[in-house]
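Only one structure is covered here, and it is reproduced in the block below.
The values are calculated or read from the model by the stated rules, or taken from the named source; none is laboratory data. Because the structure is predicted, anything quoted here is derived from the model rather than measured. Cβ atoms come from the backbone with ideal geometry, glycine included; neighbour counts cover every protein chain shown. Please note that ligands, DNA and RNA were not included when accessible areas were found on the heavy atoms of the full protein model with its side chains. Shrake-Rupley method; radii C 1.70, N 1.55, O 1.52, S 1.80 Å.
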Amino acid sequence: VRVLGVFRFGLGTPVSIAFPRVREVRKAPPGVLRALLGLRVPQYAPIRGGGGAEEAYDLVRCGIRKQVEGIVKQLAVSGEHDKITAVINLLTTEFTYSPLANHRKGGLIGLAAVTVGLTADAAQHLEQIVPPVLNSFLDQDSRVRYYACEALYNIAKVVRGEFIVFFNQIFDALCKLSADSDSNVQSAAHLLDRLVKDIVTESDQFSIEEFIPLLRERMNVLNPYVRQFLVGWITVLESAPEIDMLGFLPDFLDGLFNMLSDSSLEIRQQADSALSEFLQEIKNSPNVDYGRMAEILVQRAGSSDEFTRLTAVTWINEFVKLGGEQLVPYYADILGAILPCIADKEEKIRVVARETNEELRAIHADPAEGFDIASILSAARRQLSSEFEATRIEALHWMSTLLIRHRAEVISFLNNIFDSLLKALSDSSDEVVLLVLEVHACIARDASHFHHLILYLVQSFRTDNSLLEKRGALIVRRLCVLLDAKRVYREFSAILEGVDDLDFASVMVQALNLILLTSSELADLRALLKQSLVNYDGRDFFISLYSSWCHSPMATISLCLLAQAYPHASSVIESLGEEDINVKFLVQLDKLIRLLETPIFAYLRLQLLEPRKYTWLLKCLNGLLLLLPQQSVAFKILRTRLKTVPSYTFNSDQVEGTLSENPFSQVPQVADDSEGQGGVTHDGINFLSNLQQFKQMQQRHHTHARMQLQSRDSAISQEIQISEVSRRPSPVPDMSRPPSRLSRAIPGQLHH
């Protein structure tokens, strides 16, 4: 009690102790205190040193410690633990919980001294000693918090492993003190933290299971000091061989990745170092929970921070190599994270992402093993709308791969992806369009899907004219390569025959006809059509195209020239009227004349060597020549070609007066025996019926054009009337004058 009185006195506040036989102690100078307490050099130095007045204060403090320590030692030797408890209670209630800061400091010094005095017996009193110290960590006075760190430091040095029972509370307190506003408190907390780490790593009583929830709760804290504190603990525990931190890595992995984007370089480096150590341990460990961590990595692969994305993709790459069957249920999520990274702006990320994608695609998983085809298709479908071409390309590669390996399963989920695949045909990238067509071709082995594909293409070309102009040839040619070209053209023709939009049907037929005449991929189709008059397949194909080709006069003429049905071509030319020969027709005719000079129509030009045998061909060409404006380039080209036809093949009966002017203007129009009169029928082809069909279709086009013209004229007339009415000034009648005879006229007469 005497020492406790001095203890209070030594802290600078004269007080009385409510114990019997204790007098009130008055304040005395430092020299008197030294003499009274018999101070000497302490066995342990305080955490913080000072000079001058503070040095004197520390000496008083050390003296008080020695006195309290001596009393507690005597009580412990004599086994009077109830008195020790009384001393602890006194220090706690009267001092550590005192409203006066100096008293609280003194209480903390006393509790540390009690622990030192108890030494081996301190463990049984820790329940009384430690809680008041921990409570002082929340004190508003920074000096009290500092003394609390010092007191707990001294307590921990004495009890070591027995200290572990309070670890969770101590960890929580240290976490808060690491971000303390006072730098001295931070320094003291740091020293205490190092000691606690040493105690934990050498203790066999530490419970990692109880610690992990504390760590997980704090991993998303943004304070840089707290983050350094947490990473420090993770690193220390990871290095302890008897502590299995890897098993709990999913609980705090996301927090570590979150620190990779911290504004502090030091924190980023510490987090990266910790992650590197864990990844190395994963490579060497046979038992790893890949699934839970894969979910975290997938989220972090989409981070806005470049370093975080790179680290996440690197981890995913290793997981794909190591995870095996554990990762099968997560393939869809992983794919969804990797595909966007393939087009990342950072080259390192792109390289790792591509490698991971290839590793993932090389794995032949089975649906029976949990391989979710529907989810993977869904992930690939979502990436078809990506803004990056590389991502869209890889998504299509995945769809193609799945169709090859698991066609039946993919077809069963086709409704989920088919619309997206159709829309992808309008992609801005040619490479993407070609890949989409490959996927469609694989799907279109089934008749229903094939019809749906061609129908969608026709509808797309109808709604988007630019798609037909820019991509029409590419799409049609590629489909003809991937699928049966004859089947593709038959389907297009069947659909276009019933299209109500006559203008679009005409444009579409002209486009298909031009592709047919010029594309190298369709050489076999052209060869088949050349056999239309002698071959069943050729005749059947000619008939299947003719109905829709009637939408365009020039396409019909081109088809007949290709099929060598020259008498019918001549009949079609002769049937053309004033309404047929317009600017669009002349543009198409110009293209045809130029095509006649290409190798595709070399056979036709060679037939001109025998004008007597191919009289109808000459008549067709002369008919086309007469339709062309004389000043046009096409007219000159065709006339020059016709002049090269040899004249020696005609006999004198066939050549009449004007031969010198135009030797072919009066070539006898002899009907080909194989064609019948005027090419009416031939081997199952009813050319007369075809001609009627052509005329009827053209009549529909003429009617449609007239209706459009009338509608346009009516709209223009209405606009003019509205404009005139709006400009006409409104007359103000003079009500004082009687109405004139003109004003009494009926409205119709007045208007007239």
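Here are a few things to note about the model shown:
- By the rule of a C-alpha distance below 17 Å, with chain neighbours fewer than 8 residues away ignored, the aspartates and glutamates paired with Lys470 are Asp427, Asp430, Glu431.
- Residue-normalised accessible area of segment 354-476, expressed per residue, 1.4 Å probe, Å²: 45
- Among the listed pairs Lys486/Lys643; Lys591/Lys643; Lys423/Lys530; Lys73/Lys157, those with a Cα-Cα distance over 26 Å are Lys486/Lys643; Lys423/Lys530.
- Accessible area of segment 58-206 belonging to carbon and sulfur atoms, whole % at 1.4 Å probe: 49
- Whether segment 184-271 is rounded, prolate or oblate, judged on the alpha carbon gyration tensor where a/c under 1.5 counts as rounded: oblate
- 3J(HN,Hα) along segment 685-702: 9, 8, 5, 5, 5, 4, 5, 4, 4, 4, 5, 5, 5, 5, 5, 4, 5, 5 Hz, from the Karplus curve 6.51 cos²θ - 1.76 cosθ + 1.60 with θ = phi - 60°, whole Hz, x for Gly and Pro.
- Derived scalar couplings between HN and Hα for segment 610-616 equal 10, x, 5, 6, 10, 4, 5 Hz in order, rounded to whole Hz, by the Karplus curve 6.51 cos²θ - 1.76 cosθ + 1.60 (θ = phi - 60°), x for Gly and Pro.
- Cα gyration tensor shape for segment 471-542, rounded if a/c is under 1.5, else prolate or oblate: oblate
- Using a probe of 1.4 Å on the protein chains alone, the accessible area found for Ser181 is around 120 Å².
- Gain in span if fully extended, Glu266 to Asp82, counting 0.36 nm per residue against the direct Cα distance: 61.1 nm
- Vicinal HN-Hα couplings computed from phi for segment 521-532 (Karplus, 6.51 cos²θ - 1.76 cosθ + 1.60; Hz; Gly/Pro x): 5, 9, 4, 5, 5, 5, 5, 5, 5, 5, 9, 4
- In the complete set of protein chains, residue-level accessible area for Arg700 is approximately 110 Å², probe 1.4 angstrom.
- Entry comment: accessible area of segment 168-322 is 43 Å² per residue, from protein heavy atoms only and a probe of 1.4 Å.
- Prolate/oblate/rounded call for segment 58-206, Cα gyration tensor, a/c under 1.5 rounded: oblate
- Dipole magnitude of segment 271-369, debye to nearest 20 (Cβ charges: Lys/Arg +1, Asp/Glu -1, about Cα centre): 180
- Carbon plus sulfur fraction of accessible area for segment 603-646, probe 1.4 Å, in percent: 57
- Net length gained if the chain between Ser448 and Arg143 were fully extended (0.36 nm per residue, minus Cα distance): 101.5 nm
- Hits among aspartates and glutamates - C-alpha to C-alpha of Lys197 under 18 Å, sequence gap 8 or more where chains match: Glu150, Glu162, Asp172, Glu209, Glu210, Glu238, Glu242, Asp244
- Within straight-line reach of Lys321, meaning a Cα separation under 16 Å, sit the following lysines at least 8 residues removed in sequence or on another chain: Lys283.
- Label-zone membership for segment 531-549, site Asp500, 7 angstrom Cα→C-beta point, backbone N under 13 Å: none
- You can think of it this way: the chain between Asn284 and Arg712 has 146.1 nm of extra reach, that is 0.36 nm per residue less the Cα-Cα gap.
- On the beta carbon distance between Asn415 and Gln693, with R0 = 30 Å, the FRET formula returns roughly 0.20.
- Taking a point 7 Å out from the Cα of Thr201 in the direction of its Cβ, the residues of segment 152-179 whose backbone N falls within less than 16 Å of it are 161.
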